[in-house]
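*Asks:* Can you keep this structure in mind? I'll have questions shortly.
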Amino acid sequence: MKVEATIVEGRKVYSVRAFNQGVGSWLQRLPTVWVEGEVTELRRQQRWATVYFTLKDPGSGACLPAQMPRGQFDALRLDLVDGERVHVYGRPSFYEQRGDFHLRALSIERYGLGAHLAALERLKQKLAREGLFDAARKRPLPRIPRLIGLVTGNDAAAKRDVLAAITTRFPPASVLVAETYVQGPRAAPAIATAIGDLCARGVDVLVLARGGGSFEDLLPFSDERVVRAVASCPVPVVSAVGHEQDTPLCDLAADVRASTPSVAGRLVVPDVAELRTWLDGAHARLGRGARRVVERHGQRLASTHERLRRAPVLALERREARLRTTQARLRALSPRATLERGYAIVRSGETLVREPPAAGAPLTVEVAGGTFGAVAE
Amino acid sequence: MSELSFEQAQAELEGIVERLERGDVGLEELTTLWERGEELYRRCAEQLAGAQGRIEELARRLDAEGGD
């Protein structure tokens, strides 16, 4: 296209219209490309022929106005909302009447969720292989924490919920709060740093709390830096991020997962009333236990003493019994017992008669009852 | 003997009783052992009474202090 200029006082001057036409025709020579960005400021109205939106780079914040004929936009049936990530196929375009530059979209594809999910899944597999989510790594929470660390967004409802749950159950609790970004590109490194800072300041348990949010809002809590910070945290970590159905990777790396910030608060401190009851019970058991030990020793000693008292008599009785047995055995060996059974001892003078004596020999016969004389026939 | 703990005294006392009950003790030794046994019993009983007294005293003091 030929752009006409006029010469005014020796200068080559273009009219605005001519200039815009020139820029417009030059831009038209640029190729049609795919551009990736987040949809923001989406404006679509029934009576407008065109749908307007801005493509934004979530990392740098750079913006690009874009538009698409409404009929075409509606035909895609994307139901896009602000914040969604898309690939837009289009070409630069210039509205010559206003000097506005924009991207004229020919096609839009939703990008992100699938790609994000796949990336997330790959990260999950990698960290799982490293053992970051192993059940064996999970540590028990301290029974009574000295200092609780809380990482949360500033003025977040999550913070209020955690603190309320803690102070209700255990009023003397000490909590150190680290307020940080909990969404957006700066969140992940900020959260990891906050975890490290709190640990350095001597907390003995750490709560990571964030209320519900969109999939993208919760992404920092699946960031490798945050997951690794949680896994390598020297003290146990309770993670309460998003709602019950969300499972950011930091939940898997944490020692305990809480379904809500309130639950997290209740988990990190004991109930002071329950503690009191337990203490009273332990105290009572201590007293009973001590008394029972003394009582048992007393019973054992008494029974031993009883046996000791009987022992000498018993020992003497044993000896006496043994003596009687010996006497009985002695008796059994004496001839006396034989005589009792009807036998007789025959003597001739002082000699025991073992052979038949000569007839007329005088004999002495001893029987059990006594002694009498006799003559051999 | 003053060095003997409750457990040691108790073990020795029970040893003596078992020996006496088995009866394998000389007559002269019988009296010595029995006397030793009675002495050990007395020591054990004293120590027990002492422990009991301390427990009760502590319990009373705690009750008086806080009522809990």
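*Asks:* For segment A:136-273, build the charge dipole from Cβ charges (+1 Lys, Arg; -1 Asp, Glu) around the Cα centre, then report which of A:ALA273, A:GLY196, A:GLY153 sits farthest towards its positive end.
*Replies:* A:ALA273
*Asks:* If you don't mind, there's one more thing I want to ask. For the protein assembly as shown, what are Rg and Dmax over the alpha carbons, in angstrom?
*Replies:* According to the Cα coordinates of the protein assembly as shown, Rg and Dmax are 53.0, 201 Å.
*Asks:* With a/c under 1.5 counting as rounded, go ahead and sort segment A:142-222 into rounded, prolate or oblate using the C-alpha gyration tensor (a ≥ b ≥ c being the square roots of the eigenvalues; past the cut-off, prolate if a/b is larger than b/c, else oblate). Present the calculation step by step, with values, prior to reporting the outcome.
*Replies:* On the way: a/c = 2.56, a/b = 1.52, b/c = 1.69.
It is oblate, given that a/c is not under 1.5 and a/b is not larger than b/c.
*Asks:* What is the calculated FRET efficiency for A:ARG292 to A:ALA75, with r their C-beta to C-beta distance and R₀ = 60 Å, to the nearest 0.05? It would help to have the intermediate numbers written out before the result.
*Replies:* Working: r = 85 Å, r/R0 = 1.42.
Step by step, r from the Cβ atoms, then E = 0.10.
*Asks:* Give the residue from A:GLY83, A:SER107, A:PRO31 lying farthest towards the positive end of the charge dipole for segment A:5-111; charges sit on Cβ (+1 for Lys and Arg, -1 for Asp and Glu) and the dipole is referred to the Cα centre.
*Replies:* A:PRO31
*Asks:* Quick check: net charge around B:ALA11, other residues with Cβ under 15 Å of its Cβ, Lys/Arg +1 and Asp/Glu -1? The partial results should precede the final answer.
*Replies:* Values: positive: A:ARG300, A:ARG307, B:ARG19, B:ARG36, B:ARG43; negative: B:GLU3, B:GLU7, B:GLU12, B:GLU14, B:GLU18, B:GLU39.
That sum, taken over residues with Cβ under 15 Å, equals -1.
*Asks:* Show log10 I(q)/I(0) for segment A:310-377 at q = 0.18 Å⁻¹, two decimals, from a solvent-free Debye sum over equal Cα scatterers.
*Replies:* Taken in order of the listed q values, log10 I(q)/I(0) reads -0.75.
*Asks:* Within segment A:234-266, whose backbone N sits under 19 Å from a point 7 Å along Cα→Cβ of A:GLU121?
*Replies:* So the set is A:246-250, A:252.
*Asks:* log10 I(q)/I(0), Debye, Cα-only segment A:1-153, no solvent, q = 0.09 Å⁻¹?
*Replies:* -0.53
*Asks:* Could you give the size of the charge dipole of chain B about its Cα centre, using +1 on the Cβ of each K and R and -1 on the Cβ of each D and E, expressed in debye and rounded to the nearest 20?
*Replies:* Numbers: 8 positive and 18 negative charges, 26 e Å.
Result for chain B is approximately 120 debye, rounded to the nearest 20.
*Asks:* Hey, another quick one. Tell me the label-point distance for the pair A:ALA62, A:ARG324, using the 7 Å Cα-to-Cβ offset, in nm and rounded to one decimal.
*Replies:* Calculated label separation equals 12.0 nm.
*Asks:* May I ask you to list the chymotrypsin sites (Phe, Trp or Tyr not before Pro) in segment A:194-302 that are in a DSSP loop and have at most 16 other Cβ atoms within 10 Å of their Cβ?
*Replies:* Hits after loop and neighbour filter: A:PHE215.
*Asks:* Also: Residue farthest toward the positive end of the dipole of segment A:136-273, with Cβ of Lys/Arg at +1 and Asp/Glu at -1: which of A:GLN183, A:LEU249, A:ALA229?
*Replies:* Among A:GLN183, A:LEU249, A:ALA229, the one farthest towards the positive end of the dipole of segment A:136-273 is A:ALA229.
*Asks:* I'd like the distance between the alpha-carbon centres of segment A:335-377 and segment B:1-36, rounded to an integer number of Å.
*Replies:* So the separation of the two Cα centres works out to 58 Å.
*Asks:* How long are the semi-axes of the equivalent ellipsoid of segment A:136-273, defined as square roots of 5 times the Cα gyration tensor eigenvalues? Whole Å, largest first. Show your work: numbers first, answer last.
*Replies:* Numbers: eigenvalues 89, 48, 38 Å².
Whole-Å semi-axes of the equivalent ellipsoid: 21, 16, 14.
*Asks:* Related question: In terms of the Cα gyration tensor, with a ≥ b ≥ c the square roots of its eigenvalues, is segment A:34-101 rounded because a/c is under 1.5, prolate because a/b exceeds b/c, or oblate?
*Replies:* Details: a/c = 1.69, a/b = 1.09, b/c = 1.56.
Oblate, since a/c reaches 1.5 and b/c is not below a/b.
*Asks:* Let's test this: bin the Cα-Cα distances of segment A:228-377 at 5 Å from zero up to the farthest pair and state each bin's percent.
*Replies:* With a bin width of 5 Å, the distribution comes to 2, 7, 7, 7, 5, 4, 4, 4, 4, 4, 4, 4, 3, 3, 3, 3, 3, 3, 3, 3, 3, 3, 4, 3, 3, 2, 1, 0.
*Asks:* Expressed in nm to one decimal, what extension gain is obtained for the pair A:ASP100 and A:ARG17 from 0.36 nm per residue of sequence separation less their Cα-Cα distance? Working shown, then result.
*Replies:* Working: separation 83, 0.36 × 83 = 29.88 nm, distance 1.25 nm.
Value of the extension gain: 28.6 nm.
*Asks:* Also, I was wondering about something else. Quote the Stokes-Einstein diffusion coefficient, in whole µm² s⁻¹, for chain B, based on the Kirkwood radius over alpha carbon pairs, a temperature of 20 °C and a viscosity of 1.002 mPa s.
*Replies:* Working: Rh = 14.1 Å.
D, rounded to a whole number, is 152 µm²/s.
*Asks:* Report, in order of residue number, the helices in chain A meeting two criteria: a C-alpha extent of 15 Å or more along the helix axis, and a mean Kyte-Doolittle hydropathy of at least 1.0; treat each whole DSSP H run as one helix.
*Replies:* Details: long enough: A:16-27 (16 Å, 0.23); A:113-129 (24 Å, -0.07); A:157-169 (18 Å, 0.15); A:187-200 (19 Å, 1.42); A:272-333 (88 Å, -0.72).
Taking the DSSP H segments of chain A (at least 15 Å long, mean hydropathy at least 1.0), we get A:187-200.
*Asks:* Exposure proxy check: A:PHE101, A:PHE53 ranked by fewest other beta carbons within 10 Å?
*Replies:* Details: A:PHE101 14, A:PHE53 27.
So the residues, fewest neighbours to most, are A:PHE101, A:PHE53.
*Asks:* Then there is this: If the only charges are +1 at each Lys and Arg Cβ and -1 at each Asp and Glu Cβ, what is the size of the charge dipole of the protein assembly as shown around the Cα centre, to the nearest 20 debye?
*Replies:* So the dipole magnitude of the protein assembly as shown works out to roughly 1260 debye.
*Asks:* I want to verify a result. In a Gaussian network model of chain A, Cα cutoff 10 Å, which of these has the top mean-square fluctuation: A:ARG169, A:ARG331, A:ARG160?
*Replies:* Maximum among the listed residues: A:ARG331.
*Asks:* If a/c stays under 1.5 just call it rounded; otherwise compare a/b with b/c (prolate if a/b is bigger, oblate if not). Do that for segment A:275-330, with a ≥ b ≥ c from the square roots of the Cα gyration tensor eigenvalues.
*Replies:* Values: a/c = 14.38, a/b = 6.70, b/c = 2.15.
It is prolate, given that a/c is not under 1.5 and a/b is the larger ratio.
*Asks:* In peptide A:300-307, what is the residue-averaged number of other protein chain Cβ atoms found within 10 Å of each Cβ? Mind dumping the intermediate values first?
*Replies:* Numbers: counts 5, 11, 3, 2, 10, 9, 1, 8.
Mean partner-chain Cβ count within 10 Å for A:300-307: 6.
*Asks:* If you don't mind, another one. Using a 10 Å cut-off on Cβ to Cβ distances, tally the other chain neighbours for every residue of B:54-61 and report the average as a whole number.
*Replies:* Working: counts 2, 6, 4, 0, 2, 5, 0, 0.
Per residue, the average neighbour count from other chains is 2.
*Asks:* Once R0 is set to 35 Å, what does the formula 1/(1 + (r/R0)^6) return for the Cβ-Cβ distance between A:GLU36 and A:SER232, expressed as a FRET efficiency to the nearest 0.05? Let's see the in-between values first.
*Replies:* On the way: r = 33 Å, r/R0 = 0.95.
After rounding to 0.05, the efficiency reads 0.60.
Rule-based calculations on the coordinates, nothing more; no lab input. Given the structure is predicted, the values throughout are model-derived calculations rather than measurements. Note that each Cβ is placed from the backbone with ideal geometry, even for glycine, and that neighbours are counted across all protein chains shown.
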